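Encoded as structure tokens, the structure appears first; notes follow it.
The values are calculated or read from the model by the stated rules, or taken from the named source; none is laboratory data. Since the model is a prediction, treat every value here as computed from it, not as a measurement. Glycine also receives a Cβ, built like all others from the backbone with ideal geometry; neighbour counts cover every protein chain displayed. Accessible surface areas use protein heavy atoms only, side chains included; no ligands, DNA or RNA. Shrake-Rupley method; radii C 1.70, N 1.55, O 1.52, S 1.80 Å.
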Amino acid sequence: MRTRTLAAALAVATASAGLSLTLAPTASAATSVPDDFNGDGVADLVVATPHAPADGHINAGSVTVLYGSADGVAPDRSATFTQNSAGVPGDAGSHSLFGATHASGDLDADGYTDLVVGAPGDSVPYSSSYGTLTVLWGGPDGLTGDGISITSPYATSEWSSEKDYGKKVVVADLDGDGVPQIAALSRTNLWAYDDLAGRTAPTDVARFYNYNAYIQPRTLTTADFTGAGRAQLVVTGGENCEGTTGGCQHTAVYTWSDSGGLQEVWLPDPGGDVSGTNEAPTVSTAAGDVDGDGYADLVTGHVPASATTTGEYSDAAGFVHVRYGSADGLGAHRTATLDAPGGGRAGDNVGASVAVGDVTGDGYDDVVAGAPGATVRGVPGTGAAVLLRGSATGLTETDAQVVHQATDGVPGTAEADDWFGSAVDLTDLDGDGRADVTIAAKGEDVLAGSVRDGADWVLRGSAAGLTTAGATSFSAQDVGLTAPDAEFGSVLGG
Ligand SMILES: [Ca+2]
Ligand SMILES: [Ca+2]
Ligand SMILES: [Ca+2]
Ligand SMILES: [Ca+2]
């Protein structure tokens, strides 16, 4: 294990002198429930559509919040925002990709969860930098569009250049003071901000910058993996090695340092691709405590490179890897690799997406892994999702459960290239203490003549696993959007 420490603290000048501070409103609402934007005690769901058009701008992007209730989520309790919506900072623009990533946490400490949305293609005035983050404040009416915009600290000079700022974002308490912070990836930088001062943009930020040229950061996730009372950041991405571009895989853990900057620890890669010479790309990440020992564990999905990629997904089977948390570090004592039930089949792409949450309510977090390339009843590219159960001995393939659109009780029809499982999320949307899964199928066709309209499904958790009782699905039309081929709801978080 290689360890480096970089004290790369960067004080960012505030935009102007004479800053007036706005105090966060006090509220009586107070919910300890995560993802609860309206403070009613039930978590809410955000589904994003970065390829949605807005007022004639293609790929401008939108986010849709669906409010949870004892009956779960439904489109008639939802709101959709673009950068042209009332109150939302900025303007919708072509290829801004608003909603390419999103994360949530109570950033202004008023008791209501707030939403952070990345728009990595957003243009920034007087700079060659691109990309913004938008914070939308939660409140008793949920998300209203009221918010602030954050640009890259580099977006202050017309000569600066930083692309894809906000391509990934997380919210977590990195310094352990009880107030969460924002961290984000750009094309070649990891930015970790200090706490917000009320409802103003954060002014201090730590930058890990040593990615130029040889590492392409791809995923960002966060949890307290060491039990230190503060969350760490995990970045994965392709790394150039032995003459190949991206042939190796970089996985690193970053810990906030009170003396400034971020401390970095590199982790070994879990496995190789079919050629045996390259490492399997990490295509998805999520975190939770799958063995119930109090330390968060890192779950990653891997789809090895394949010689025969035709279309959206390769012919790789894919696999899921777990690095267990401990006081000595992530994966220091135990790691495990899991295939799909039955060993996995070529083309499944299991692990193309992963989510972690306690589906069964037994105190052990479970994993849902998307397998969007899976063949169902002879139809390729239909897609499926697999529930892998947590236990005292860790994540297990025992009693794994597979669901797809041909499962009795699941709405819809299993068709070629639906890619059911292209994204997954686990959140308790009906407040019964068990996480409910949202599954995206970005290739679902809804309108005549289109092929990528996209749709989402919600299946509830139960003591026995995922149940089709109360299963629901919704598409763009159900929330009042009409554009075809926009892959509605295809982004379910980071
Ligand atoms: Ca709620
Ligand atoms: Ca808040
Ligand atoms: Ca654990
Ligand atoms: Ca539930």
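Only Cα pairs under 8 Å and 6+ residues apart enter the sum, and on that basis the relative contact order of the stretch 281-356 stands at 35 percent. Panel note: the C-alpha atoms of the stretch 86-205, placed on their principal axes, show extents of 39, 33, 20 Å (largest first). Rounded to the nearest 20, the size of the Cβ-charge dipole of the chain about its Cα centre is 1140 debye, with Lys and Arg at +1 and Asp and Glu at -1. Mind grabbing the base-10 log of I(q)/I(0) for the stretch 244-398 at q = 0.16, 0.18 Å⁻¹? Debye formula, identical points on the C-alpha positions, no solvent, two decimal places. At q = 0.16, 0.18 Å⁻¹ the computed log10 ratios are -0.89, -1.07.
Its relative contact order, with pairs defined as Cα atoms under 8 Å and 6+ residues apart, puts the stretch 118-186 at 31 percent. Heavy-atom accessible surface of residue 127, to the nearest 10 Å², is about 20 Å², with a 1.4 Å probe and all protein chains retained. Peptides 338-344, 485-491, 458-464 ranked from most to least packed by the mean count of surrounding Cβ atoms within 10 Å: 485-491, 458-464, 338-344. In percent, rounded to a whole number, the relative contact order of the chain is 12, using alpha-carbon pairs under 8 Å and six or more apart. Residue-wise HN-Hα couplings along the stretch 455-470, as the Karplus relation 6.51 cos²θ - 1.76 cosθ + 1.60 with θ = phi - 60° gives them from phi, are 6, 10, 10, 10, 10, 7, x, 8, 4, 8, x, 6, 10, 8, 4, x Hz; Gly and Pro carry x. Accessible area per residue was computed with a 1.4 Å probe on protein heavy atoms; residue 397 scores about 80 Å². Need one number: % antiparallel among DSSP beta bridges in the stretch 361-489, to the nearest 5. Percentage antiparallel, nearest 5: 95. In units of the compact-protein estimate 2.2 N^0.38 Å, the chain shows a Cα radius of gyration of 0.91. Only protein heavy atoms count here; under a 1.4 Å probe, residue 207 has an accessible surface of about 50 Å². In the chain, a dipole from Cβ-located charges (positive for Lys and Arg, negative for Asp and Glu) runs towards its positive end, and of 448, 206, 56 it is 206 whose Cα lies farthest in that direction. The chymotrypsin sites (Phe, Trp or Tyr not before Pro) of the stretch 132-181 that DSSP puts in a loop, and whose beta carbon has at most 16 other beta carbons within 10 Å, are 159.
The phi torsions of the stretch 289-299, fed into the Karplus equation with coefficients 6.51, -1.76 and 1.60 and a -60° offset, translate into couplings of 9, 7, 10, x, 8, x, 9, 5, 10, 9, 10 Hz, rounded to whole numbers, with Gly and Pro shown as x.
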